[in-house]
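Please treat every number below as a calculation from the coordinates, not as lab data. Fair warning: this is a prediction, and the values are worked out from it, not measured in the lab. Positions of Cβ are generated from backbone atoms using ideal geometry, with glycine treated the same way; all protein chains shown enter the neighbour counts.
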Amino acid sequence: MAENTAGQPIAFMGVENHRLEMLFLASSVRGHGLGRQLMQYGDEHYGITELTVNEQNPQAVAFYEHLGFTIYKRTDHDEEGNPYPLLYMKRG
């Protein structure tokens, strides 16, 4: 987790079994390299090779594609059955 100078969280990520489970950044820090830094840390310490992203978040999809991830699967619903299309991405 990353914090601002006031000690408030501005970003966090979760990784399990080489899979990025979540990556969230406060809108105020997007576009400043923090996401890339977190992904680099995740790569170095956890060997991230896969992730799932909501297809309705094109900014996130483009970010992961820029980092070398490619789509290998798409679903119309999330894991809980809600109508959120997901893209499954890998980096090989």
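Taking region 40-61 as the region of interest, how many residues are more than 10 Å from the chain's Cα centre (by Cα), surrounded by 15 or more Cβ atoms within 10 Å (Cβ to Cβ) and free of Cβ contacts under 8 Å to residues at least 40 places away in the same chain?
4
Exactly one of these conditions fails for Arg36: (1) more than 26 Å from Pro83 (Cα to Cα); (2) touching a Lys or Arg at 6+ places or on another chain (Cβ under 7 Å). Give me its number.
If we test Arg36 against (1) more than 26 Å from Pro83 (Cα to Cα); (2) touching a Lys or Arg at 6+ places or on another chain (Cβ under 7 Å), just (2) comes out false.
Select from region 8-35 the residues that are in a strand (DSSP E or B) and over 13 Å from the mean Cα position of the chain (by Cα) and write down the one among them that is surrounded by the fewest Cβ atoms within 10 Å (Cβ to Cβ). Even if it seems obvious, please write down each step before you answer.
Initially, region 8-35 is screened for residues in a strand (DSSP E or B), giving 9-16, 19-25.
From the residues that got through so far, the ones that are over 13 Å from the mean Cα position of the chain (by Cα) too are 9-10.
Numbers: Pro9: 11, Ile10: 18.
Selected residue: Pro9.
For the list (1) more than 30 Å from Ala6 (Cβ to Cβ); (2) of a type in the set (D, E, K, R); (3) in a helix (DSSP H, G or I), I need the number of the one condition that Arg74 fails.
All conditions pass for Arg74, except number (3).
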